[in-house]
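Any read-out appearing in this document is the output of simple, stated calculations on the displayed coordinates, not a laboratory observation. The shown structure was predicted, so the numbers you read here are calculated from the model rather than taken from an experiment. Cβ placement follows ideal geometry from the backbone for every residue including glycine, while neighbour counts extend to all protein chains displayed.
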């Protein structure tokens with residue numbers, strides 16, 4: 001009997017549901033999957049065998065027990081055979097990581113560029129890094145599922161166009177097409193490639209590579225030169241009508257506040273964007289970092305004051321979105337605890353004034369690689385989406 | 001052949017998909033529905049006949065045309081046979097409406113109460129109003145689909161408990177159970193009853209009773225004594241981890257701003273909640289309304305200043321959520337244009353400073369009945385949700 005389009009779709013949905021279940025509950029057996037999904041045991045067996053053949057799942061070695069009979073075989077994600085590549089296109093730097101399905105970093109490469117460089121040259125550099133990582137996947141005898149790119153601006157995800165990246169000065173750059181063309185020249189074809197905003201992919205990284213249940217909605221705040229948010233609700237990104245959702249660096253924290261690079265005043269980014277904080281003590285970002293490491297009291301005070309405003313932003317996003325968890329990431333988090341501690345205490349004070357408890361606030365487990373690993377998670381996310 | 005659980009679910013999904021399609025494109029024929037859904041013509045015919053029998057759809061009278069052969073019969077929502085009841089439980093007043101599937105108000109009743117009244121007495125009053133409207137549905141020979149209640153606070157929707165309504169001073173009130181018990185005493189049983197936050201249901205009203213495509217995300221702002229938001233994304237409410245999402249009246253617009261009733265300072269509600277605005281010129285809400293109608297310049301200036309802060313709030317929610325449309329509703333909107341015009345111009349100025357265009361901003365088409373009609377829409381929303 002010929003398989004119809006509907007049946008193919010249903011099969012895909014069921015396959016991906018099984019992967020998600022095994023991922024969230026490693027060790028499930030085929031029988032348990034059958035009772036959890038309502039699928040017959042023979043359907044589950046068939047699909048699980050396919051998923052094992054394709055490299056998604058593997059069987060845990062059967063434990064020898066004293067019990068009579070064969071113990072049901074526990075299943076888990078296969079961390080060996082399939083690979084995801086993720087890249088952060090940052091403001092003056094780029095990072096590419098090679099990752100396993102279960103969230104381990106297998107390899108990475110880093111490069112810097114001047115923010116004055118034109119988009120084509122920067123994407124050419126990125127394609128070189130990507131190409132090398134793709135070739136490494138081949139030499140390791142693994143299979144590449146796809147490439148994800150996190151970019152510092154808003155994206156039309158259907159076509160992979162970066163609409164505007166203020167801190168790079170880019171507008172309407174066809175990131176997906178440019179990279180695909182460059183990879184084609186290296187003979188690398190038919191690799192699924194996805195492009196999304198940096199904070200959005202970092203939020204996905206927290207969800208897709210989580211070791212245990214994560215808060216829903218999950219709010220990721222990216223804190224660096226730019227300030228932005230990624231929100232995952234019910235397993236999906238909150239992107240807004242035009243892909244601009246999460247531009248929280250331009251939430252106005254005070255009507256007559258300091259001038260922001262966007263033309264407005266009092267934006268969050270004007271208070272605690274890394275460049276704004278550096279400028280407020282007449283230095284650049286690198287100098288600020290040096291001063292903080294040297295224990296310079298003025299620099300530390302700038303971070304503390306910036307953190308207070310971050311606390312106010314966290315509060316405002318909390319009452320708006322009621323996130324189940326807040327995750328902080330980005331360059332500013334790595335400047336010691338002055339900034340984050342100050343933010344936490346302002347956030348707590350505001351909540352306690354209203355007799356409320358804040359949700360859990362953590363720092364990204366992937367640290368400075370939150371965006372690159374998140375971009376790898378974007379591939380997984382797109383492939384595991386039911387429809 | 002016996003019908004399985006899966007088939008029942010699939011049938012329900014397909015029925016509701018057909019209703020949604022006919023609602024958004026009145027005049028579709030069975031053949032067109034078949035090609036839009038991929039369902040066979042015989043399945044569509046069967047389901048459409050059931051939907052006609054059940055009162056959801058009707059056939060438009062066939063137009064006499066010069067063409068040869070029978071013209072396909074256009075279908076549309078039936079506005080005659082099925083009824084939705086919606087209620088707003090407000091701060092000192094309640095309103096119950098009887099509505100048709102296509103968003104016409106068939107009847108309504110209004111009552112006031114002192115905010116000092118205990119929850120049980122207020123819900124008793126509401127049950128009386130609901131009971132009368134339910135009985136009217138019967139005398140008109142129509143069929144009631146269900147009752148929706150919009151309440152001024154956060155809700156645990158699975159059990160219909162109002163967790164906290166600060167402006168009523170209520171905590172953990174079992175609204176659903178109390179009303180169901182009161183209706184039972186009138187012999188009214190088995191009526192589906194849904195409870196949700198007032199701004200959330202008003203947002204649903206804009207989506208479910210829309211005459212044409214609406215923005216997505218849709219952001220509804222409820223402006224009265226309390227200030228709150230309802231957000232519909234991809235056809236679903238954004239409720240947050242604990243049902244508190246949309247508490248935007250407590251977004252802090254300035255760190256050292258005026259004291260709010262919640263215990264914090266500088267909250268949006270402290271700037272332009274109706275009671276806060278009245279208190280700022282030493283009067284109560286009714287006196288403020290009288291003054292504004294009389295053209296009192298101090299009262300008008302208070303509204304204009306409040307509107308500026310609303311503009312800032314709209315801006316902050318815009319950069320966070322990127323709504324496709326913003327809808328304003330609530331008591332404050334009906335105090336002439338001073339408030340809303342001032343908000344619009346602040347919002348536009350902020351966007352233009354960054355060279356951006358704001359999304360469409362309109363006032364709710366249901367005016368002061370946005371919550372009651374929205375509560376009726378909640379019933380439709382729950383019944384039309386695929387799963």
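Its Cα gyration tensor gives the stretch B:295-387 an equivalent ellipsoid. The semi-axes, each the square root of 5 times an eigenvalue, are 28, 20, 8 Å from largest down. Between A:245, A:203, A:353, the residue with the greatest mean-square fluctuation in the GNM of chain A (Cα pairs under 10 Å linked by springs) is A:353.
With the Kirkwood sum run over all distinct C-alpha pairs, chain B has a hydrodynamic radius of 22.3 Å. Size descriptors for the stretch A:40-134, from the alpha-carbon set: Rg then Dmax equal 20.7, 70 Å.
Working from Cα pairs under 8 Å separated by at least six residues, relative contact order for the stretch B:58-199 is 22 percent. Could you tell me how many degrees, from 0 to 90 and to the nearest 10, lie between the Cα long axis of helix B:41-53 and the main elongation axis, the longest principal axis, of the Cα atoms of chain B? Approximately 60 degrees, to the nearest 10.
What average count of beta carbons from other chains do you get within 10 Å of the Cβ of residues in A:261-273?
On the way: counts 1, 5, 7, 9, 2, 4, 4, 2, 0, 0, 0, 0, 0.
Rounded to a whole number, the mean comes out at 3.
Global size of the protein assembly as shown: 28.3, 89 Å for Rg and Dmax (C-alpha atoms, Rg to one decimal, Dmax whole). Note on the stretch A:102-196: the C-alpha convex hull projects to 6.5 nm² when averaged across all orientations. In the assembly of identical copies, residue B:105 has its label point, taken 7 Å from Cα in the direction of the beta carbon, separated from the corresponding points by 6.0 nm (ascending, one decimal).
So what is the relative contact order for the stretch A:35-130, in percent, with contacts set as C-alpha pairs under 8 Å and at least six apart? List each step's numbers first, then the result.
On the way: 110 pairs, mean separation 16.7, N = 96.
Reported as a whole number, the value is 17 percent.
Quick one: helix A:5-24 against the long Cα principal axis of chain A, what's the angle to the nearest 10°, folded into 0 to 90? The angle comes out at about 70 degrees.
Peptide B:217-230 has a mean shielding of 1, counted as Cβ atoms of other protein chains within 10 Å of each residue's Cβ. Distances from residue B:72 to itself in the other copies, using label points 7 Å out along the Cα-Cβ axis, amount to 4.8 nm in increasing order. Treating each Cα of the stretch B:281-348 as an identical point scatterer and summing with the Debye formula, the log10 of I(q)/I(0) at q = 0.23 Å⁻¹ comes to -0.96.
Would you please put A:12-21, A:74-83, B:114-123 in order of how densely packed they are, using the mean number of other Cβ atoms within 10 angstrom per residue and starting with the highest?
Values: A:12-21: 17.2, A:74-83: 18.9, B:114-123: 14.2.
With the highest mean Cβ count within 10 Å placed first, the list reads A:74-83, A:12-21, B:114-123.
Please state the relative contact order of chain A as a whole percent: Cα pairs under 8 Å, 6+ residues apart? Don't skip to the end; give the middle numbers.
On the way: 727 pairs, mean separation 62.0, N = 387.
RCO, chain A: 16 percent.
What separates the residue A:363 label point from its copies, with the point 7 Å along Cα to Cβ, is 5.1 nm, written shortest first. For chain A, find the longest principal axis of its Cα atoms and tell me its angle to the long axis of helix A:119-139, 0 to 90°, nearest 10. Tilt relative to chain A: about 30 degrees.
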